[in-house]
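A short write-up of the structure that comes next.
The values are calculated or read from the model by the stated rules, or taken from the named source; none is laboratory data. Please read all numbers here as calculations on a predicted model, not as lab measurements. Reconstructed Cβ throughout: ideal geometry from the backbone, glycine too, with neighbour counts over all protein chains shown.
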C-alpha cells in the first residue's frame, strides 16, 4: 500500500455517482489518496448513504438561508479540522466564494460534463444538443473563482449519437467521468500536476497536459 495516502474530502449535493468512482478507485492498494470525508449541503443527498455504507465519515452543512461566505466558512473550518489535504467537487451545486477557493488553490478539483470551455453552467447536455455538436465529453479542472473554469487537467471525448436525448448523452458522458476523475485525483495526490498559466503539466505521465481521451482508450 502507498506509504502516505492523501486525505480527500468530496463535496456533493446529490446521488454521488462520481463519488462512487472515487471510492472504488481508492480501494486499490497503490492508490495515493483516501476518501476521508464526504460533505453535503443537503441532508437528503443519496451520496451520504453511499459514503456511510463504505465506512466513510460524512457531514451535512445546510446551505439554505445562509450567506455564501458564512456557509463556505463552515465548510472550510470542517475540512481543516479533519486534516483534509485535497478537495474534490462531485455534483456540488454551490458557487464557492473567492475566499474559499483561494484557501484551496491547487488542491481542489472539479468535474464538469462538457469539453470546457464549451457549455458551462447547468443543462449542459441540452446546450450541447441544441448547438448541434458532434462531440461532447467531460473535463476535470482545477477550481478557480470563475464558474466552470480553471486549468484543465484531463478531458474525455464522447461522440453525440444522432437523435440522442439529453438523458442519453448524460449517460454516455458519465461513463467517461468515472474514468477520468479517479485518474486526475491520482495525479494530484502524487504531486504530479504543475499549473503553468492556463495549462497543466503532468510530470512523467502520458497523455500530456489537458489530453483528450477517446472512449476507445
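Hey, any hits in the stretch 194-204 for a residue that's farther than 29 Å from residue 30 by Cβ, loosely packed, with under 15 Cβ neighbours inside 10 Å, over 20 Å from the mean Cα position of the chain (by Cα) and at pLDDT below 95?
So the first thing to find is which residues in the stretch 194-204 are farther than 29 Å from residue 30 by Cβ, and the list is 197-198.
With loosely packed, with under 15 Cβ neighbours inside 10 Å added as a condition, the list becomes 197-198.
Narrowing further to those that are over 20 Å from the mean Cα position of the chain (by Cα): 197.
Subset that is at pLDDT below 95: 197.
Yes; the residues of the stretch 194-204 include at least one that is farther than 29 Å from residue 30 by Cβ, loosely packed, with under 15 Cβ neighbours inside 10 Å, over 20 Å from the mean Cα position of the chain (by Cα) and at pLDDT below 95.
Of the residues making up the stretch 87-112, those that are outside any loop (DSSP other than H, G, I, E, B), surrounded by fewer than 21 Cβ atoms within 10 Å (Cβ to Cβ) and touching a helix residue (DSSP H, G or I) at 6+ places or on another chain (Cβ under 8 Å) are 99, 103.
Does residue 124 satisfy the criteria of being out of contact with any helix residue (DSSP H, G or I) (no Cβ under 6 Å at 6 or more places or on another chain), in the same structural domain as residue 202 (by TED's automatic domain parsing) and surrounded by 17 or more Cβ atoms within 10 Å (Cβ to Cβ)? Spell out the reasoning first.
Working: out of contact with any helix residue (DSSP H, G or I) (no Cβ under 6 Å at 6 or more places or on another chain): yes; in the same structural domain as residue 202 (by TED's automatic domain parsing): yes; surrounded by 17 or more Cβ atoms within 10 Å (Cβ to Cβ): yes.
So residue 124 fits the description; yes.
Is it true that some residue in the stretch 47-54 is part of a strand (DSSP E or B), over 22 Å from residue 140 (Cα atoms) and touching a helix residue (DSSP H, G or I) at 6+ places or on another chain (Cβ under 7 Å)? No, the conditions are met nowhere in the stretch 47-54. Residue count for the stretch 117-174 satisfying the condition of being within 14 Å of the chain's Cα centre (by Cα) and assigned to a loop (DSSP other than H, G, I, E, B): 7.
What do you reckon, is residue 79 at pLDDT 95 or above, assigned by TED's automatic domain parsing to the domain that holds residue 22 and in a loop (DSSP other than H, G, I, E, B)?
Working: at pLDDT 95 or above: yes; assigned by TED's automatic domain parsing to the domain that holds residue 22: yes; in a loop (DSSP other than H, G, I, E, B): no.
The answer is no for residue 79.
Among the criteria (1) farther than 25 Å from residue 34 by Cβ; (2) touching a residue at least 40 places away in the same chain (Cβ under 8 Å), the one residue 171 does not fulfil is (2).
For the stretch 106-122, a residue qualifies if it is free of Cβ contacts under 8 Å to residues at least 24 places away in the same chain and under 27 Å from residue 66 (Cα atoms), and exactly one does: 122. Contact map, the stretch 42-55: residues that are without any contact (Cβ under 8 Å) to a residue 12 or more places away in the chain paired with residues that are not in a loop (DSSP other than H, G, I, E, B), Cβ distance under 9 Å, separation 6+ or inter-chain. Pairs shown: 49/58; 52/38; 52/58. The requirement of being on the phi < 0 side of the Ramachandran plot and either outside the structural domain of residue 82 (by TED's automatic domain parsing) or touching a strand residue (DSSP E or B) at 6+ places or on another chain (Cβ under 8 Å) (or both) is not satisfied by residue 25.
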